[in-house]
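Remarks on the structure that follows.
Values quoted throughout were computed directly from the atomic coordinates according to the rules given, and no laboratory measurement underlies them. Predicted, not measured: the structure shown is a model, and the values here were computed from it. Here Cβ is always computed from backbone atoms with ideal geometry, including for glycine, and neighbour counts include all displayed protein chains.
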Amino acid sequence: MIDKPFSESCVQNCAPILAVLREAFADCGAVLEIGSGTGQHAVYFGAELPHLRWQTADVPQHHAGIRQWLAEAALPNVLPPLALDVNQAHWRTGRYDAVFSANTLHIMSWPEVEHFFTGVGEVLEPGGVLAVYGPFNYNGTHTSESNARFDVWLKTRDPASGVRDFEAVDALARAQGLVLQQDIAMPANNRTLVWRRMD
């Protein structure tokens, strides 16, 4: 039995993200979470938003930890994790009216970010909502010194990763028929971006 994974940042950001999702996902039913990580977000949002059927998903090496959180919470509306690697197309067969992802785009390579949005474009129903949480640059500029340091750390660890430019990410979203609805400032110099599919 592995130790149950734990993320302090999840504890700190759950409530602010919930405040956004409570409104953004009010009319949604089926949510795909891309990059469920530890599983903490899934059980927190699943408990607070019981009208949602929350589908966890991540690369297989994270599944054991996610399953531990799900087993402890025993929520009927939070589903066991799907194997999801954005580079592979098999996950694009599902249909959801909401997609959520937190702290993922900056740990992906840019081609993986492109695959992320292509996949979202295939699984998201017309009128569906995409909500993405994390740090972003604007006009090629970091929004804080801490984000600039974080970007250096990311690139030292993996040169293909890094804090993404909002404008480039929004262009990928628009190419999938997604229109930005909200860009909300969050604690610790993060943002939550909310798009709706209009086609």
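Build a GNM of the chain with springs between Cα atoms under 10 Å apart, and of LEU82, LEU105, LEU154 the one that fluctuates most is LEU154. Taking 1.002 mPa s as the viscosity and 20 °C as the temperature, the Stokes-Einstein diffusion coefficient of the range 115-199 based on its alpha-carbon Kirkwood radius rounds to 157 µm²/s.
Seen from a random direction on average, the alpha-carbon convex hull of the range 8-197 projects onto 9.7 square nanometres.
A simple count of charges around VAL123, restricted to other residues whose Cβ falls under 13 Å of its Cβ and scoring Lys, Arg +1 and Asp, Glu -1, yields -1. Summary of the geometry: the range 84-136 and the range 21-75, compared by the centres of their Cα atoms, lie 15 Å apart. Subtracting the Cα-Cα distance of GLN12 and ALA188 from their residue separation scaled by 0.36 nm leaves 62.4 nm.
When you restrict to C-alpha pairs under 8 Å that are six or more residues apart and normalise by the size of the chain, the relative contact order lands at 19 percent. Modelled spin-label separation between ALA47 and TYR138, with each label point placed 7 Å from Cα along the Cα-to-Cβ direction: 3.4 nm.
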